[in-house]
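The values are calculated or read from the model by the stated rules, or taken from the named source; none is laboratory data. As the structure is a computational prediction, the values presented were derived from the model and not from experiment. In this analysis, Cβ positions are derived from the backbone assuming ideal geometry, glycine residues included, and neighbour counts consider all displayed protein chains.
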Amino acid sequence: MPRLPVPPFVLGFILDVSPGTTKGFDPTGTGQPTLFVLRLWNEVFVFRNICPHTGAQLNLKRDVFLSPTGDSLMCYRHGALFDFSGTATAGPCVGRSLEKVPFHITDTGYIVVDSFV
Ligand code: FES
């Protein structure tokens, strides 16, 4: 598993993530989106891109972490669905959760990862 930089570090710019979408970020510089941001209309979340089912990355297409209906996060490996808090609600890992990453957004719009739990 690639090691993430030591927090705090700037992950990206919030205006690069449109409301109602997700976007992968590659803070390790490996070419893989090890973290992703979910931006709702009034909330933002950062998750590690690790499915609790097998440990694989959730997405198969760049920046696509939402289900086709857009009302859940989805792992495209075996179809697990997650609510926006990151808890699996359907599929092979029901009740398990994505790992949330603590962060804050600066006044100038940078997403800063604060720590890992
Ligand atoms: S790896 Fe995510 S549902 Fe199987």
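Which number in (1) closer than 21 Å to Ile14 by Cβ; (2) surrounded by 13 or more Cβ atoms within 10 Å (Cβ to Cβ); (3) more than 12 Å from the chain's Cα centre (by Cα); (4) of a type outside the set (Asp, Glu) marks the one condition that Leu73 misses?
Among (1) closer than 21 Å to Ile14 by Cβ; (2) surrounded by 13 or more Cβ atoms within 10 Å (Cβ to Cβ); (3) more than 12 Å from the chain's Cα centre (by Cα); (4) of a type outside the set (Asp, Glu), Leu73 violates only (3).
Looking at segment 25-38 only, could you name the residues that are buried (at least 20 other Cβ atoms within 10 Å of the Cβ) and either modelled with pLDDT under 95 or closer than 13 Å to Leu73 by Cα (or both)?
Answer for segment 25-38, where residues must be buried (at least 20 other Cβ atoms within 10 Å of the Cβ) and either modelled with pLDDT under 95 or closer than 13 Å to Leu73 by Cα (or both): Phe36, Val37, Leu38.
Considering (1) closer than 19 Å to Leu4 by Cβ; (2) surrounded by 15 or more Cβ atoms within 10 Å (Cβ to Cβ), say which one Phe82 fails and leave the rest.
(1)
Among Phe45, Phe82, which is within 21 Å of His104 (Cβ to Cβ), of a type in the set (A, V, I, L, M, F, W, C) and at pLDDT 95 or above?
Every option except Phe45 fails the conditions.
Could you grab me the full set of residues in segment 46-56 that are surrounded by fewer than 19 Cβ atoms within 10 Å (Cβ to Cβ) and over 17 Å from Val94 (Cα atoms)?
Arg48
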